[in-house]
Amino acid sequence: MSSEIIAGLMILFMLVIMFLRVPIGIAMMVSGVIGYSIIDDFSTLTYYMKGSSFAQMASHSLAVIPLFLFMGNLAARSGISRSLFVGVNAFIGHRRGGLALAAVGGCGLFGAICGSSLATAATMGSVALPEMKRHGYHGALATGALAAGGTLGILIPPSIVLIIYAILTEQNIVKLFMAAMVPGVMAVIGYMLVIAIVVKLNPHYADKAEKASWKERGRALIELIPASLLFIGVLGGIYGGVFTPSEAAAYGVIGTIAIALINRQLTWKSFGECIKQTATNTGMIFVIILGADIFNAFLSLSGMPQTLADWIVDTNMTPMLVLMLMLAVYLVLGCLMDSLSMILLTVPIFFPAIMSLDFGMTYEQTALWFGIICLIVVEVGMITPPVGMNVFIINKIADGVPMRDTFIGVLPFLASDFVRVILLLLFPVLTWGIIPD
Amino acid sequence: MWLALLGGAVLTLMAITTVLSVAGRYFFSAPIQGDTEIVQMFTAVVVALCLPYCQMRLGNVIVDVLTASAPRAFRMTMDIIGSLLLGGLFAILAYYTYDGGLAAAKYGNETMMLRMKEWYFYQTIAFGFLLTAIAGFAKPIALLADYEGSK
């Protein structure tokens, strides 16, 4: 049996045990160990294992992960989400559907501090949902907007998934973060357009709220200052080259603690909760990273990704068609798996194939563009049934809204996601265009 | 539990070190020597402390779409198998990382600037893996007790 076939069988085996509730990272590790032992033998793998865990864990580039997770968890408890929502709401809340617009805007801003979709959806949801309910918003609009808005958490940098992509493909994290900026803004605008259209078609979905006075607006603006300083510091610092990403993350952690203290939101108890949450998230991510490391050692030993890439080039399919097929795989997988595992699992297989095709761009441009598109398509999985984690979490927070309503409410936002993906496929310059030479 | 809090304390320390170092670099042009090494090595410590806690809370991502409606006994059996697999694999990883640590000690591997001994961190990771393995083997007992208790 050729090693490529063994690789294929091991991927199948991994998916089967994964669907039987074996933790994803462990499923990767088991199939990696078995596959490696079949092709070569176990003792060779042990040489690799002696140093691999140290190499993965004592890593300066991965230090950003626990730091950004910590920052996100702290931000979720610091009262920042409330000031963001109130701040945006003071300016656009009086329009029809204004609270939903403010929630999406707040999610976008919160996404600039937090790298996780679920945390963004959950924190914004707990602030914005009661407000929308009070103003008689229809459950479908309220929950749909927040579930979709949550995906901005991962699309707008900092983003844990982009960091992992950067490490897997040896791309520059800062450039990837920049490439995500325009698509991120497009996402916010797209979601806002959706809300405007939905309330135009169904005026009974949302009541108008009272217009804020200029005095109230002023106060709201002042409340926005600490949060703005935080993301100007973190993102501006990264883009401007003042900070490396891990330094920015460290600055962000300390800054968020300071804001939480000023807002009188931080107690020893909630600080402990943040730490426990961060520990669980960190452990979870690193189990997947360690598992993927062993699985990828096996994959590259098998030569399967290269064979696949050669085969794709041989078939003479147009590059776009290949990309479309891959995106279709992402959509299907996205309905079942979480985004991080999908990226860790598929990028080592797909990336060589994509890079061997000619899209009429430089190597780096193609890599950045593919990363952003993957990220968006993977995120779509967060709001599609049957898994749609964001949808579940928002539905849980919004008491009394039927699940069906939430899924229906999300549909128009999904449509805007598809439009955005098509735009990015047609105009790759939207991703790498803003990166200075 | 205490491990997680210790991990959090190390993480906070790591953030403070970095912030001080960056501030030092810009305002006093006196960065903390080898700050990246401190961060790098501490990351290993943080993660090693987080892993066992994560398994105790069953925080690892599983795909449960297809099995969500399966009978409870089946789901529990699969969770026990998953936890045991995790325990076994982390025991293997712990052993070989320990072995790698011995080699690092023998060759006297040190970090560039601060000359920290790498093998300390190898053994911290091995210790964290060992605890994770124990958590993987211990969790099924708790799962079983839970199951019996709720019958």
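Please treat every number below as a calculation from the coordinates, not as lab data. Note that the coordinates shown come from a computational prediction; the quantities given were computed from them, not determined experimentally. Note: ideal-geometry Cβ built from the backbone for every residue, glycine included; neighbour counts use all protein chains shown.
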Notebook entry, point to check: Between segment B:86-151 and segment A:49-85, how many Å separate their Cα centres?
Noted result: 21 Å
Check: Which residues make up the longest stretch of chain A clear of GluC sites (Glu not before Pro) that lie in a DSSP loop with no more than 10 other Cβ atoms within 10 Å, not counting the sites?
Finding: A:211-437
Note to self: I need A:I373, B:I81, A:I80, A:I294 ordered by Cβ neighbour count within 10 Å, fewest first.
What the structure shows: B:I81, A:I373, A:I294, A:I80
Margin query: Under 5 Å between amide hydrogens, which residues at least 5 positions from B:E110 or on another chain qualify, with H placed 1.01 Å from N in the peptide plane?
Written below: B:E118
Margin query: Let me check the size of the protein assembly as shown from its C-alpha atoms; what are the radius of gyration and Dmax in Å?
Written below: 23.8, 75
Margin query: Explain nothing, just the number: dipole magnitude of segment A:142-288 about its Cα centre with +1 on each Lys and Arg Cβ and -1 on each Asp and Glu Cβ, in debye rounded to the nearest 20.
Written below: 380 debye
Next item on the list: Within segment B:64-136, list the trypsin sites (Lys or Arg not before Pro) lying in a DSSP loop whose Cβ has at most 13 other Cβ atoms in a 10 Å radius.
Entry: B:R115
Margin query: Using the Cα centre of the protein assembly as shown as the reference point, and only Cβ charges (+1 on K/R, -1 on D/E), how large is the resulting charge dipole? Debye, rounded to the nearest 20.
Written below: 2000 debye
Next item on the list: Mind checking A:240-250 for the average number of partner chain beta-carbons within 10 Å of each residue's beta-carbon?
Entry: 4
Check: If the cut-off is 25 Å between C-alpha atoms, which lysines fall inside it for A:K269, apart from same-chain ones fewer than 8 positions away?
Finding: A:K396
Item checked: Candidate lysines for bridging to A:K208, where Cα separation is under 24 Å - those fewer than 8 sequence places away on the same chain excluded -> A:K133, A:K200
Check: For the residues A:Y363, A:Y330, B:Y147, what sequence is obtained by ranking on other C-beta atoms within 10 Å, fewest first?
Finding: A:Y363, B:Y147, A:Y330
Note to self: Whole-Hz ³J(HN,Hα) for each residue in segment B:86-98, computed from phi via Karplus 6.51 cos²θ - 1.76 cosθ + 1.60 with θ = phi - 60°, x for glycine and proline: what do you get?
What the structure shows: 4, x, x, 5, 6, 5, 4, 4, 4, 4, 6, 5, 4
Next item on the list: Just rank A:H138, A:H204, fewest to most, by other beta-carbon atoms within 10 angstrom.
Entry: A:H204, A:H138
Next item on the list: Return the aspartates and glutamates within reach of A:K50: Cα separation strictly under 20 angstrom, same-chain partners fewer than 8 residues apart disregarded; answer none if there are no such residues.
Entry: A:D40, A:D41, A:D293, B:D99, B:E110, B:E118
Next item on the list: Compute the relative contact order of chain A as a whole-number percentage, counting only Cα pairs closer than 8 Å that sit 6 or more residues apart in sequence.
Entry: 26 percent
